[in-house]
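Here it is: the structure, laid out below.
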Amino acid sequence: MKKSVRKAIIAGNWKMNKTRPEAKELLEAIKPLVANADGKVEVIACVPFTNLETAVAATAGSNVKVGAENVHFEKSGAFTGEISADMLVEVGVEYVVIGHSERRQYFGETDETVNKRTKAALAAGLKPIVCVGELLWERECDITEEVIARQIKLDLFDVSAEDVKKTVIAYEPVWAIGTGKTATADQAEEVCAFIRATLAKIYDEETAQAVTIQYGGSMNAKNCAELLSKENVDGGLIGGASLKAADFNTIVQAAVEG
Ligand code: PEP
């Protein structure tokens, strides 16, 4: 399967930014800009929980989909402060970011909880965007592939081939997130290809070829075209640049060009 038949996905990760009126304003600005991507590139805004309802209403009838930034793995119960997959589905959410490095770094997220969240999301009908990536120290020690293989195996443990095809993998080198340091296009391609090869070992070649693999880490209007031109880079998970409609659109248009 060629890159051209996989689903290209550009997802904004707004992190802890935007009030509801600000969210509406940003989405209203994004919608007309990215309308031409319909059917070519899936465009997603992953927004804070408090913005989900506003985002679903603001994007209704458009080609912009809404994602959450986290989900709990239990269905309900005494988990103060958490949000379940069913709650997200009920609001109209389609995607959810799981295992972002900021969750792993600041909130004790582990591969085990990433795995549980991924399975809970899939069971509820959500499409998970599972983030993996190495620390700078791990890259310097030349263990990037070991780290990524371990994360892929653990995070997707017990996820069926059918379900993994609904899952998006985001390769996000931790040293490139919010730092302004981007992996070179060759570095991004190398690890995204390695992720696909790892999926082929766990599942099979046909399944691996069907999975959308994004790059994330300081992708912006300037570097997106080169990154997105790579064979195994099927899209991007965008932090800072997703908060500016024009920059986000430039990235979407680069993905349309392929
Ligand atoms: C992210 O939050 O997933 C991300 C890639 O952030 P940034 O684009 O700001 O590096």
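The values are calculated or read from the model by the stated rules, or taken from the named source; none is laboratory data. Quick caveat, the model's predicted, so the values are computed rather than measured. Here the Cβ positions follow ideal geometry from the backbone for every residue, glycine too, while neighbour counts run over all protein chains shown. Accessible surface is based on the protein model in full, side chains and every heavy atom, while ligands, DNA and RNA are left aside. Shrake-Rupley method; radii C 1.70, N 1.55, O 1.52, S 1.80 Å.
Tell me the residue from Thr50, Thr54, Thr59 that is at negative phi and open to solvent by 70 Å² or more (accessible area, probe 1.4 Å), please. Walk me through how you get there before you give the answer.
Working: Thr54 fails: open to solvent by 70 Å² or more (accessible area, probe 1.4 Å); Thr59 fails: open to solvent by 70 Å² or more (accessible area, probe 1.4 Å).
After ruling out the rest, the residue left standing is Thr50.
Evaluate the following for Val89: is it closer than 25 Å to Ala8 by Cα and assigned to a strand (DSSP E or B)? Break it down into steps so the answer makes sense when it comes.
Values: closer than 25 Å to Ala8 by Cα: yes; assigned to a strand (DSSP E or B): no.
No: the conditions fail for Val89.
Among the candidates Cys141, Cys131, single out the residue that is away from the ligand (no atom under 16 Å from the Cβ) and under 28 Å from Gln187 (Cβ atoms).
Numbers: Cys131 fails: away from the ligand (no atom under 16 Å from the Cβ).
The conditions single out Cys141.
Of all residues being assigned to a helix (DSSP H, G or I), of a type in the set (Ser, Thr, Tyr) and modelled with pLDDT of 95 or more in the range 1-54, which is nearest to Val96 (Cα to Cα)? Just the residue, please.
Result: Thr50.
Can you tell me which of (1) out of contact with any His (no Cβ under 9 Å at 6 or more places or on another chain); (2) under 25 Å from Ala29 (Cβ atoms); (3) in contact (Cβ under 8 Å) with a residue 12 or more places away in the chain is the one Thr207 doesn't meet?
For Thr207, the failing item is (2).
Would you be able to tell me the number of residues in the range 105-139 that are free of Cβ contacts under 8 Å to residues at least 24 places away in the same chain and in a helix (DSSP H, G or I)?
Within the range 105-139, the first condition is being free of Cβ contacts under 8 Å to residues at least 24 places away in the same chain, and the residues that meet it are 106-110, 137-138.
Subset that is in a helix (DSSP H, G or I): 106, 137-138.
Number satisfying all stated conditions: 3.
Quick test of your reading of the structure: Glu82 fulfils all but one of (1) out of contact with any Asp or Glu (no Cβ under 8 Å at 6 or more places or on another chain); (2) at pLDDT 95 or above; (3) in a loop (DSSP other than H, G, I, E, B). Name the failing condition by number.
That leaves (1) as the condition not met.
Within the range 96-128, work out how many residues are among the hydroxyl-bearing types (Ser, Thr, Tyr), crowded, with 17+ Cβ neighbours inside 10 Å and within 14 Å of the ligand (Cβ to nearest atom).
Here is the first cut: in the range 96-128, the ones among the hydroxyl-bearing types (Ser, Thr, Tyr) are 101, 106, 110, 113, 118.
Narrowing further to those that are crowded, with 17+ Cβ neighbours inside 10 Å: 101, 113, 118.
Subset that is within 14 Å of the ligand (Cβ to nearest atom): 101.
Final tally of qualifying residues: 1.
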